[in-house]
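Heads up: the structure comes next, in structure tokens.
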Amino acid sequence: METFEGIGGLQDFVLKSATLCTSPSCPPFIPLNFEATPIVRVAIEPKHPSEMPQLVKGMKLLNQADPCVQILIQETGEHVLVTAGEVHLQRCLDDLKERFAKIQISVSEPIIPFRETITKPPKVDMVNEEIGKQQKVAVIHQTKEDQSKIPEGIQVDSDGLITMTTPNKLATLSVRALPLPEEVTQILEESSDLIRSMEQLTSSLNEGKNNSQMIHQKTQEKIWEFKGKLEHHLTGRKWRNTVDQIWSFGPRKCGPNILVNKSEDFQNSVWTGFDGKASKEASRYRDLGNSIVSGFQLATLSGPMCEEPLMGVCFVLEKWDLSKFEEQTASNKQSQEPGDLTKEGQGEGDTCSDGDKQQELQDDGSEPFEKRASQRGESPLTDCYGPFSGQLIATMKEACRYALQVKPQRLMAAMYTCDIMATSDVLGRVYAVLSKREGRVLQEEMKEGTDMFIIKAVLPVAESFGFADEIRKRTSGLASPQLVFSHWEIIPSDPFWVPTTEEEYLHFGEKADSENQARKYMNAVRKRKGLYVEEKIVEHAEKQRTLSKNK
């Protein structure tokens with residue numbers, strides 16, 4: 001009789017998969033690659049709040065056991081389970097209840113992620129007629145006041161350049177938004193791990209560590225290969241020198257959006273440090289620059305349509321005017337007495353971090369900072385971690401959002417590839433279910449020697465719930481689909497669209513209330529997040545009649 005032995009006590013050391021070896025220098029085997037990408041998420045909580053420790057422990061065990069699952073704790077404090085799809089989600093929930101946590105749990109409705117982006121202005125209208133020059137202007141700027149609601153005091157030029165000033169009038173920013181080519185977005189998504197390691201290396205270089213020891217030659221080669229790919233796809237007059245001027249990626253500093261710095265005052269890029277060059281301005285404006293980057297990160301993390309992350313957008317900082325801030329710094333430097341300089345610890349320089357430490361002293365001193373500053377006869381000037389930094393972050397975030405809103409905005413949906421095997425008898429029913437759920441057939445071929453057809457289609461993740469059951473019911477079990485997350489795809493319809501041409505009024509009606517898929521998704525996400533949704537509670541109402549005779 002054979003006996004099988006296992007190794008115990010590895011739960012604290014192994015996550016999902018590992019290579020076990022007696023030699024400590026053994027290289028690991030190639031990690032397991034799974035086709036299924038986690039995309040569908042649900043929030044989980046125990047039925048009885050006192051059982052939260054068991055749930056946390058159970059989710060940790062599930063995370064170790066299942067190679068395709070992700071466990072997150074959101075900023076809101078929710079425990080979130082990210083799974084590959086409907087069937088996988090049900091399997092994970094059953095495992096949690098019966099095996100890992102052994103408690104009763106409450107599960108939210110599935111949360112389907114979307115992305116926000118912008119596109120080039122349309123060339124044809126909604127009735128597929130080519131837009132003339134005058135009509136094109138009308139379509140691009142259609143109901144701009146209603147859509148973007150850009151307040152007064154913000155300058156917008158005809159090309160979509162937004163110019164905003166901070167509330168204290170010390171800095172002016174000019175930002176433009178451009179759609180990135182699809183290939184570039186794909187490269188950024190695939191290189192997210194490399195971008196993350198670049199960010200870690202840059203931050204360690206900024207701390208003054210020796211870059212020759214930090215950067216491995218292989219990593220350096222990967223970075224230049226990545227840069228070369230971007231340069232290959234970002235060609236033409238519009239993208240000239242763009243790659244060299246990339247300042248940051250976002251959201252979370254490793255996403256599929258880029259911030260390009262074209263301002264003459266301050267030249268800085270993600271490649272600075274890897275080529276051994278560091279500009280003087282980089283150290284001079286570094287802290288203020290961090291505020292600009294933070295504003296960009298916040299803007300890309302939640303877009304203006306329904307607070308979903310952005311994808312495939314390039315923000316260009318055209319101008320960054322800090323002359324008033326520098327004038328005020330210089331005037332304060334002159335008016336400050338030598339006694340105050342020693343008291344502050346050091347004199348004001350040009351760098352923001354060294355420039356003004358007065359705000360930090362507010363915590364130590366008993367008197368408020370403004371009061372002490374006015375006693376010395378000088379205007380209160382904030383340090384770079386004080387109100388001015390916050391104003392820069394907020395202004396940059398708002399400028400990015402307005403720059404998006406003056407361009408044609410679109411939602412991006414997560415898409416599954418759907419492989420279906422079906423007989424010729426039920427082919428029509430399969431197509432009916434697919435078209436009802438916004439699916440699109442890519443390929444259909446017959447399997448040699450059989451009467452079976454193999455159908456390849458794409459289907460939005462948002463429409464996939466109950467899809468497998470419906471196909472099995474409609475085809476009496478003769479067809480069963482296999483769904484795998486594939487890519488993100490722009491939903492072609494404009495969620496803010498209203499008719500502008502005569503043909504569109506005739507085709508869609510004055511209200512254009514035929515089904516707009518993008519608007520439906522956008523409003524569903526806004527409702528879930530508690531954001532404002534513009535809709536009428538009562539539509540097409542009639543006066544109620546009583547059937548009984550009045551007595």
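The values are calculated or read from the model by the stated rules, or taken from the named source; none is laboratory data. Since this is a predicted model, take the numbers as computed values, not measurements. Cβ sites come from the backbone with ideal geometry, for glycine too, and all protein chains shown count toward neighbours. Heads up: the accessible areas ignore ligands, DNA and RNA and are worked out on the full protein's heavy atoms, side chains in. Shrake-Rupley method; radii C 1.70, N 1.55, O 1.52, S 1.80 Å.
Structure summary
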| quantity | calculated |
| --- | --- |
| Set K407/K520; K47/K520; K436/K520; K97/K473; K227/K262 screened for pairs whose C-alpha atoms are more than 22 Å apart | K47/K520; K97/K473 |
| Hydrodynamic radius of the range 447-492 per Kirkwood, over alpha carbon pairs, in Å | 12.6 |
| Long-range HN-HN contacts of I105 with modeled amide H, under 5 Å | K47 |
| Which of R176, R474, R240 is most accessible, then next, and so on - probe 1.4 Å | R240, R474, R176 |
| Neighbourhood net charge (9 Å Cβ-Cβ; Lys/Arg +1, Asp/Glu -1) for I103 | +2 |
| Accessible area of the range 422-499 divided out per residue, in Å², using a probe of 1.4 angstrom | 52 |
| Estimated Rh, the range 59-99: Kirkwood, alpha-carbon pairs, angstrom | 10.5 |
| With DNA, RNA and ligands ignored, accessible area of H487 (1.4 Å probe; Å², nearest 10) | 60 |
| Other-chain or far-sequence residues with amide H under 5 Å of S486's (modelled H) | M415, Y416, T417 |
| Per-residue SASA entry for E308, accessible area with 1.4 Å probe, Å² rounded to 10 | 10 |
| Heavy-atom accessible surface of the range 418-519: percent carbon and sulfur, 1.4 Å | 51 |
